[in-house]
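The values are calculated or read from the model by the stated rules, or taken from the named source; none is laboratory data. Here the structure is a predicted model, which is why all the values come from computation and not from measurement. For neighbour counting, all protein chains shown are included, and Cβ atoms are generated from backbone atoms with ideal geometry for every residue, glycine included.
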Amino acid sequence: MIFGITSFLLIVALNLRLTFGRYLRRLPEEKRKINSENFKGYIHWIVSWKKSFLKLERWDRCLDYLIAWGQKNYPGWTVWVFYALVLSYIYLALSGFIFAWFVPRGLYGFPLLLHVAAGALFAICLTIILFIKARVYLPEKVEEEASKESDYGFYCPLLHKSFPRLYLQAVAFWVFVLAGFLLVASTLGSMLPYFNFPAQIFFFHLHRWSALASVLAACLAIDVMIVE
């Protein structure tokens, strides 16, 4: 119950924060403030934006955009690794959180078997992506590239300041990678016959909270990496 409520609130809160920041960036700099007028404008904007996803062509454009983004950032055969990572992760996230939120028994049966199979594919793809992209998000590389960056794409209304997108991209990448490997480690730990019951409970909770960290990192990555 605690995990379900906490995870739902954190995911909603992060996405509201990210979309509110995007709304503020659309406004003139002198109007980028946290006030009732901007909140009303944001609600109207987000409702009209969400309504567009009721149309099939909107989903087609999003899919085309994602495919094009993958081909641009993952040349050659590596784009198929990216696509496999995305597909396996979507199933893992949806199956894990839908069962955690709405099914008291938790994940079981065929969805659980498919969850394990998708997890194996996810682990392989994540390892390959780490070898491909890790050097891009090393601290010294990020600092060097951020100093050249002119697009300050992450606006903080509390500080009235924008930050380079590359900083947030690095955070999202490394949190996603770390959470992903904790997910894999906790799954393997719960399958091996070498741990007692308290250790199994620990692996269960580690898996759940790592999944939450992974989803939050994925939401941030979509905003600062993929969506222009």
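Side notes on the structure shown:
- Residue that is among the aromatic types (F, W, Y), loosely packed, with under 15 Cβ neighbours inside 10 Å and at pLDDT below 90, where the choices are W49, W80, W45: W49
- The set of residues in region 89-111 that are farther than 17 Å from V215 by Cα and surrounded by 13 or more Cβ atoms within 10 Å (Cβ to Cβ) comprises L107, P111.
- Under the condition of being touching a Phe, Trp or Tyr at 6+ places or on another chain (Cβ under 8 Å) and closer than 15 Å to L92 by Cβ, the residues counted in region 188-208 number 1.
- Qualifying residue in region 57-69 (condition: in contact with a Phe, Trp or Tyr (Cβ under 8 Å, 6 or more places away or on another chain), more than 27 Å from I132 (Cα to Cα) and at pLDDT below 90): yes
- Residue within region 34-41 that is more than 30 Å from L206 (Cα to Cα) and either of a type in the set (A, V, I, L, M, F, W, C) or modelled with pLDDT of 85 or more (or both) present: yes
- Some residue of region 7-26 being surrounded by fewer than 14 Cβ atoms within 10 Å (Cβ to Cβ), in a helix (DSSP H, G or I) and among the β-branched types (V, I, T): yes
- Residue in region 12-32 that is among the acidic types (D, E) and modelled with pLDDT of 80 or more present: no
- Flag for F173 being surrounded by 13 or more Cβ atoms within 10 Å (Cβ to Cβ) and either modelled with pLDDT of 90 or more or in contact with a strand residue (DSSP E or B) (Cβ under 7 Å, 6 or more places away or on another chain) (or both): yes
- Single residue of S190, S214 found to be within 11 Å of the chain's Cα centre (by Cα) and of a type in the set (S, T, N, Q): S214
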